[in-house]
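Written out below as structure tokens is the structure these notes cover.
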Amino acid sequence: MAMAWVWSGMVVLSLCFGMSSGRLDAVANAALEGARAAVDLSISMAGVLCLWSGVMEVMNACGLSEKLAGAFRPILKRLLPEASRDPETLAAVSANVSANLLGLGNAATPLGIRAARRMARGCGGTASDELCLLVVMNTASIQLIPATIASVRAAAGCETPFDILPAVWMASALSVAAGIAAAKLLERGGRGRW
């Protein structure tokens, strides 16, 4: 709801400044150009996202995604011991981490929501420490193949959209490590002080 107010305010301010400066036609042209550019970007990104979503489906069909998710289970059992007691929750969290690893946020989101719903049962309306940690890991997520960013770069005309891989690997690994450390620090010491 707040974003609706922000966007509405921006449109009203643009129209007011356009009228006061006598350049309302420039505002209208900019709005139309922005809409056209948004559609062009969306269409060009759709192809790359379909490709990587297809790769994820092929990985699911041949069992590779399950093996990848299985590789994360020992780590996730240590990070999320309560959630690990429920095999379905652990499977959803593992699949979410795997999809994020491949840079498929659109595939990871429903898996993360399913895991979060399962973890939220019995919390009484307050997020548990493990649920907060899941949100941190999902938000920061290590990405081996940043498919969405690469598709945006390709749509913008970049000839080598994957040349950012080392920077993405380092930044995502550091952000996940910092997020997990902060969540664990607040989990242990934060209860009495906050």
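The values are calculated or read from the model by the stated rules, or taken from the named source; none is laboratory data. The model shown is predicted, which means the values in this text are computed figures rather than measured ones. All Cβ positions, glycine included, derive from the backbone under ideal geometry; neighbour counts span all protein chains shown. Only protein heavy atoms, including side chains, enter the accessible area calculation; ligands, DNA and RNA are left aside. Shrake-Rupley method; radii C 1.70, N 1.55, O 1.52, S 1.80 Å.
So the values come out like this:
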| item | result |
| --- | --- |
| Output for segment 72-115, where each listed residue is assigned to a helix (DSSP H, G or I) and more than 26 Å from Ile149 (Cβ to Cβ) | Arg73, Pro74, Lys77, Arg78, Ala83, Ser84, Arg85, Pro87, Glu88, Thr89, Leu90, Ala91 |
| Within segment 1-22, considering residues that are open to solvent by 60 Å² or more (accessible area, probe 1.4 Å) and touching a helix residue (DSSP H, G or I) at 6+ places or on another chain (Cβ under 8 Å), the one farthest from Asn100 (Cα to Cα) | Phe17 |
| Test: residue in segment 59-77 that is farther than 18 Å from Arg114 by Cβ and surrounded by 16 or more Cβ atoms within 10 Å (Cβ to Cβ) | yes |
| Filtered residues of segment 140-179 (kept if under 28 Å from Leu76 (Cβ atoms) and part of a loop (DSSP other than H, G, I, E, B)) | Ser141, Ile142, Gln143, Leu144, Ile145, Pro146, Phe162, Ile164 |
| Close pairs from segment 63-86: first farther than 16 Å from Ala108 by Cα and of a type outside the set (A, V, I, L, M), partner part of a helix (DSSP H, G or I) and open to solvent by 30 Å² or more (accessible area, probe 1.4 Å), Cβ under 8 Å, at least 6 apart | Ser84/Arg73; Ser84/Lys77; Asp86/Arg118 |
| Of all residues in segment 128-162 being among the polar types (S, T, N, Q) and surrounded by fewer than 20 Cβ atoms within 10 Å (Cβ to Cβ), the one that is nearest to Asp40 (Cα to Cα) | Thr148 |
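A quick yes/no check of all residues on (1) of a type outside the set (Phe, Trp, Tyr); (2) under 20 Å from Lys184 (Cβ atoms); (3) free of Cβ contacts under 8 Å to residues at least 24 places away in the same chain; (4) touching a strand residue (DSSP E or B) at 6+ places or on another chain (Cβ under 9 Å):
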residue: Leu90; (1), (2), (3), (4): yes, yes, yes, no
residue: Arg121; (1), (2), (3), (4): yes, no, yes, no
residue: Gly124; (1), (2), (3), (4): yes, no, yes, no
residue: Ala127; (1), (2), (3), (4): yes, yes, yes, no
residue: Leu134; (1), (2), (3), (4): yes, yes, no, no
residue: Arg153; (1), (2), (3), (4): yes, no, yes, no
